Structures are given as structure tokens and as C-alpha cells.
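Trainee: Here it is, the structure, as C-alpha cells.
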Amino acid sequence: MNNAFIPLLVVVALLSGCDDMTEQPKAAAYSPEAQIVVPAQDTVAWEAAPVVPPPVTLALLQRGQQRFRIYCTPCHSELGDGHGMIVQRGFSPPPSYHIDRLRSAPTQHFYDVITHGYGVMYSFAGRVAPEDRWAIAAYIRALQLSQHPPVDAVASALAQASR
């Protein structure tokens with residue numbers, strides 16, 4: 001057999017495995033058949049459970065501080081002001097946790113940002129467990145209060161200190 005026919009035979013053999021794929025059984029996009037979703041065998045249906053934050057305790061805040069130092073301080077800094085080491089090396093700064101918009105944001109916002117990312121911040125869902133996300137969010141609230149305590153709390157602390 002001539003060596004020139006070998007590539008031709010290979011091409012013919014490969015093409016003979018293909019059939020006419022223009023006729024395929026399928027349901028039209030909005031037909032009733034297309035609306036039926038059958039889960040694959042041995043799978044668990046996923047539904048978003050309502051997210052309920054845990055009660056704030058000293059242990060939760062300590063865990064949040066530990067996790068915040070691991071995952072958040074490179075960008076946000078220890079104070080949460082957005083001047084972490086990464087920013088000092090030329091990256092764009094994240095917003096400070098102490099701006100009005102973030103001080104008035106619900107705690108769920110911080111949990112969601114850690115989960116899904118926001119702006120140039122990527123998702124930490126694969127790195128930070130949900131319980132730790134709540135702990136970090138609670139610690140962010142503590143950071144905010146440390147820099148902007150309510151006036152009545154300061155007044156009562158000064159009154160107790162003067163006794």
C-alpha cells in the first residue's frame with residue numbers, strides 16, 4: 001500500500017464516525033417538556049436556606065478577629081481603613097469600613113461580599129467557611145464601633161471612669 005493513502009484512510013475513518021447531527025431529539029425552549037427538570041441520580045437538590053447570623057458572643061468576635069487577620073488585613077489593614085500591605089505595594093485600596101455607606105450597611109452585606117466578592121475583591125466562599133464569614137462580619141462591626149463609638153456609650157464610659 002502506498003504511504004500517500006494512509007492519511008486519506010485515517011481521515012475517512014475519522015469522518016465515518018460522525019453522523020448527521022442536525023436531527024436531534026430535543027424540547028423547544030418554552031414547551032411544557034422543557035420545564036420538567038429531573039435531577040440526576042444520587043444528587044441532592046440545592047435550595048438557598050435563609051441565612052441567619054449567629055448571636056454575637058466574645059468567642060465569635062475572637063474567631064472573627066483571627067480570621068480577619070488571616071484573610072482581610074493584607075488589603076483592609078488591622079484597622080479596616082483600606083491601607084493594608086497590598087495597598088502599600090501599589091494595588092488599589094479597598095474602601096474603608098469606616099465610611100458612612102459601610103457603617104450603615106447591614107451586616108449581611110459583609111457576609112455577602114465575603115461570599116460572592118465585590119468589585120476587584122474575589123469570592124472567599126471556597127476559603128472561608130460560612131460560620132467564619134459571620135464571625136468576620138461581626139468583627140468588622142466591632143472595628144467600626146471602635147473607631148466611631150456612639151456618643152452615649154462614650155459618655156457612660158467617662159461617667160464610670162470618674163467614679
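The values are calculated or read from the model by the stated rules, or taken from the named source; none is laboratory data. In this text, all values refer to a predicted model and were calculated from it rather than measured experimentally. Cβ placement follows ideal geometry from the backbone for every residue including glycine, while neighbour counts extend to all protein chains displayed.
Trainee: Output the residues belonging to region 69-101 that are surrounded by fewer than 17 Cβ atoms within 10 Å (Cβ to Cβ) and either of a type in the set (Asp, Glu) or within 18 Å of PRO149 (Cβ to Cβ) (or both).
Mentor: Matches in region 69-101: GLU78, LEU79, HIS98, ILE99, ASP100.
Trainee: Surrounded by 13 or more Cβ atoms within 10 Å (Cβ to Cβ), assigned to a loop (DSSP other than H, G, I, E, B) and under 9 Å from the mean Cα position of the chain (by Cα): does that describe VAL113?
Mentor: It is false that VAL113 is surrounded by 13 or more Cβ atoms within 10 Å (Cβ to Cβ), assigned to a loop (DSSP other than H, G, I, E, B) and under 9 Å from the mean Cα position of the chain (by Cα).
Trainee: Assuming GLN66 fulfils every condition listed in (1) outside any loop (DSSP other than H, G, I, E, B); (2) closer than 16 Å to SER146 by Cα apart from one, which condition is it?
Mentor: Checking GLN66 against (1) outside any loop (DSSP other than H, G, I, E, B); (2) closer than 16 Å to SER146 by Cα, the one that fails is (2).
Trainee: Follow-up question, since we're still on this one. Given the condition hydroxyl-bearing (Ser, Thr, Tyr), touching a residue at least 12 places away in the same chain (Cβ under 8 Å) and closer than 14 Å to ALA137 by Cα, answer yes or no: does some residue in region 86-94 qualify? Full working, then the answer.
Mentor: Within region 86-94, the first condition is being hydroxyl-bearing (Ser, Thr, Tyr), and the residues that meet it are 92.
When the remaining residues are screened for being touching a residue at least 12 places away in the same chain (Cβ under 8 Å), the result is 92.
Right, trim to closer than 14 Å to ALA137 by Cα and you get none.
No, every residue in region 86-94 fails to be hydroxyl-bearing (Ser, Thr, Tyr), touching a residue at least 12 places away in the same chain (Cβ under 8 Å) and closer than 14 Å to ALA137 by Cα.
Trainee: I would also like to ask the following. Of all residues in region 128-140, count the ones that are part of a helix (DSSP H, G or I), surrounded by 16 or more Cβ atoms within 10 Å (Cβ to Cβ) and touching a residue at least 60 places away in the same chain (Cβ under 8 Å).
Mentor: Looking only at region 128-140, we keep the residues that are part of a helix (DSSP H, G or I), and these are 130-140.
Checking the rest, the ones that are also surrounded by 16 or more Cβ atoms within 10 Å (Cβ to Cβ) come to 132-140.
Add one more test, that the residue is touching a residue at least 60 places away in the same chain (Cβ under 8 Å), and what stays is 132, 134-140.
Result for region 128-140: 8.
Trainee: When residues of region 116-127 are filtered for being part of a loop (DSSP other than H, G, I, E, B) and either surrounded by 20 or more Cβ atoms within 10 Å (Cβ to Cβ) or free of Cβ contacts under 8 Å to residues at least 12 places away in the same chain (or both), how many remain?
Mentor: Total meeting the criteria: 5.
Trainee: Scan region 55-68 and give yes if some residue there is of a type in the set (A, V, I, L, M, F, W, C), loosely packed, with under 11 Cβ neighbours inside 10 Å and modelled with pLDDT under 70, otherwise no.
Mentor: Taking every residue of region 55-68 in turn, none turns out to be of a type in the set (A, V, I, L, M, F, W, C), loosely packed, with under 11 Cβ neighbours inside 10 Å and modelled with pLDDT under 70.
Trainee: Okay, next question. For the subset of region 144-154 comprising residues that are surrounded by 10 or more Cβ atoms within 10 Å (Cβ to Cβ) and among the aliphatic types (A, V, I, L, M), which member is farthest from LEU61 (Cα to Cα)?
Mentor: VAL154
Trainee: Could you list, in sequence order, the residues of region 117-145 that are under 17 Å from PRO95 (Cα atoms) and not aliphatic (A, V, I, L, M)?
Mentor: Scanning region 117-145 gives GLY117, TYR118, GLY119, TYR122, SER123, TYR139, ARG141, GLN144.
Trainee: Name the single residue that is nearest to TYR71 (Cα to Cα) among those in region 84-133 being aromatic (Phe, Trp, Tyr) and in contact with a helix residue (DSSP H, G or I) (Cβ under 6 Å, 6 or more places away or on another chain).
Mentor: Filtering first and then ranking leaves PHE124.
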